[in-house]
Amino acid sequence: MKNREHRQIILKKRPLGRIHPNHFQMIDGPRPVPRDGEALVQVMWLGIDPTQRTWLNEKRTYMPPVAIGEVMRGSGVGIVVDSRSDRYKVGDWVAGMTGWQNFAIAGEGGLFGMNPIPDGIDPKAMLSILGVNGLTAYFGMTEIGKPKSGETVFVSGAAGSVGSIAGQIAKIRGCKVIGSAGGPEKCSWVTQTANFDACIDYKSGHLEDELRRLAPDGIHVVFDNVGGTTLEAALANLANHARIVISGSISSGYSQDNYGTGPRNYMELGFKRARMEGFIFLDYLSEFPRAFFDIKKWIDTNQITYAEDIKLGLESAPDALQGLFDGKNFGKQLIKLV
Ligand SMILES: NC(=O)c1ccc[n+]([C@@H]2O[C@H](COP(=O)([O-])OP(=O)(O)OC[C@H]3O[C@@H](n4cnc5c(N)ncnc54)[C@H](OP(=O)(O)O)[C@@H]3O)[C@@H](O)[C@H]2O)c1
């Protein structure tokens, strides 16, 4: 049994719309053996991210697609269990693009390699608040949104991993922060735990009117994770010289050839002399240490909180990814493998 304990999820066929487990295949085999300069990592946690849906499409976006037959790409953290490298020693926790498998080989470090996790850090936080989600919120809000004290900020996807952090950063900057999320339970977490000033349940169908009521003088910064009619409702309520941060458009479903259509009321940008700008958090690689330092400080001083949603077992990964598009997660979607 022991030599067949390595399980991997490979991409079997590309989904055209929704993801189904039969787009993937679970294979098993012997544990990989590290060569000189490499280490073997037992993957303990996976992070599930909406962008993984874009990697299943045939066309390249900001990254090449996952090939058919390849292990599904994804972030993870794990423990070094065997090492033939000076970089890693047995027992170290590392974070990186482990993929959907329970053992991974660590070679080089760097952006897409595996990097040691500093002592004193909850390893799984490297997949959310101290990883992709915190960095996205931090750079999108501080470098593009640039909220000033007293301004009004709107964050869509406010109960989600990126959105909840983005809104709390704007609160730290002294702004009035309005969120939108799906359902009363998520909205009450957004206001009562994540400290937003207000949260609109977009499923009520009154987002645009509610934004007008809550931001009578207009919105200065929009941090948009959702796109579609949510973005249109925000554009209909801009203040002059507003900044619209395009983080994502999850309402599009990220399926092949559908990353969302342009807002029908884009001329609001002209009327309000506003600027709309997209970004990918990887653009700020050289500034990650500064963001890491600030976010860690805010966690330690209880200025930022975050939620985690934990599913069990490698086999739950495909459903968990689809679940992001169905609003099933509450906070960062993680998979516990061991
Ligand atoms: N630019 C970058 O570098 C970068 C990096 C990472 C992530 N992102 C983007 O950030 C956004 C959030 O990612 P995340 O990892 O933090 O995921 P998340 O927000 O924790 O989870 C996704 C959430 O999206 C919401 N959603 C799904 N379909 C929706 C729809 N049709 N309308 C409105 N809301 C919908 C759901 O919340 P509700 O229940 O509230 O509907 C769901 O819980 C995504 O757009 C992602 O692509 C961008």
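The values are calculated or read from the model by the stated rules, or taken from the named source; none is laboratory data. Computed from a predicted model, the values in this text were never measured in an experiment. Positions of Cβ are backbone-derived with ideal geometry, glycine not excepted, and every protein chain shown enters the neighbour counts.
Given the conditions (1) under 27 Å from K336 (Cα atoms); (2) within 14 Å of the ligand (Cβ to nearest atom), which single one is not true for N302?
Only one criterion is unmet by N302, namely (2).
Confirm whether G179 is within 19 Å of the chain's Cα centre (by Cα), at positive phi and crowded, with 23+ Cβ neighbours inside 10 Å.
So G179 fails the test.
Could you tell me which of the residues A215, A194 is over 30 Å from L16 (Cβ atoms) and within 18 Å of the chain's Cα centre (by Cα)?
The match here is A194.
If we keep just the residues of region 186-206 that are within 10 Å of the ligand (Cβ to nearest atom) and without any contact (Cβ under 8 Å) to a residue 60 or more places away in the chain, which is farthest from K146 (Cα to Cα)?
Going through the qualifying residues, I end up with K203.
Restrict the check to region 290-297 and report whether at least one residue is within 23 Å of I129 (Cα to Cα), free of Cβ contacts under 8 Å to residues at least 60 places away in the same chain, surrounded by fewer than 19 Cβ atoms within 10 Å (Cβ to Cβ) and among the hydrophobic types (A, V, I, L, M, F, W, C).
Yes, the conditions are met somewhere in region 290-297.
Go through (1) small (G, A, S); (2) in a loop (DSSP other than H, G, I, E, B); (3) away from the ligand (no atom under 13 Å from the Cβ) for A158 and report which single condition fails.
Going through the list (1) small (G, A, S); (2) in a loop (DSSP other than H, G, I, E, B); (3) away from the ligand (no atom under 13 Å from the Cβ), A158 breaks only (3).
Among the residues in region 83-96, are any within 16 Å of the ligand (Cβ to nearest atom) and in a strand (DSSP E or B)?
Yes: region 83-96 contains one or more residues that are within 16 Å of the ligand (Cβ to nearest atom) and in a strand (DSSP E or B).
If the Cβ limit is 7 Å and pairs must be 6+ apart or interchain, which residue in region 10-22 that is over 19 Å from R73 (Cβ atoms) pairs with which residue that is of a type outside the set (G, A, S) and not in a helix (DSSP H, G or I)?
Cβ pairs passing all conditions: L16/Q256.
Residue check: is F139 in a strand (DSSP E or B) and closer than 25 Å to I280 by Cβ?
Spelling it out, it is not the case that F139 is in a strand (DSSP E or B) and closer than 25 Å to I280 by Cβ.
Can you find, within region 311-338, the residue that is modelled with the highest pLDDT among those that are surrounded by fewer than 19 Cβ atoms within 10 Å (Cβ to Cβ) and over 22 Å from N22 (Cα atoms)?
By that ranking, first place goes to F330.
Among the residues of region 220-277, which ones are assigned to a strand (DSSP E or B) and of a type in the set (S, T, N, Q)?
Correct list: N240, S255, N258.
Residues to consider are G140, G150, G145; find the one that is in contact with a Ser or Thr (Cβ under 8 Å, 6 or more places away or on another chain) and not aromatic (F, W, Y).
So the residue among G140, G150, G145 that is in contact with a Ser or Thr (Cβ under 8 Å, 6 or more places away or on another chain) and not aromatic (F, W, Y) is G140.
Output the residues belonging to region 261-289 that are more than 10 Å from the ligand (Cβ to nearest atom), of a type in the set (G, A, S) and touching a residue at least 24 places away in the same chain (Cβ under 8 Å).
A274
Out of all the residues in region 110-124, is one or more of a type in the set (D, E, K, R), under 27 Å from G248 (Cβ atoms) and assigned to a loop (DSSP other than H, G, I, E, B)?
Yes - at least one qualifying residue is present in region 110-124.
Report every pair of residues separated by at least 6 positions or lying on different chains whose Cβ atoms are under 9 Å apart, first residue within region 157-176 and at positive phi, second in a strand (DSSP E or B).
From region 157-176, the pairs are G157/G179; G157/S180; G157/A181; G157/F223; G157/D224.
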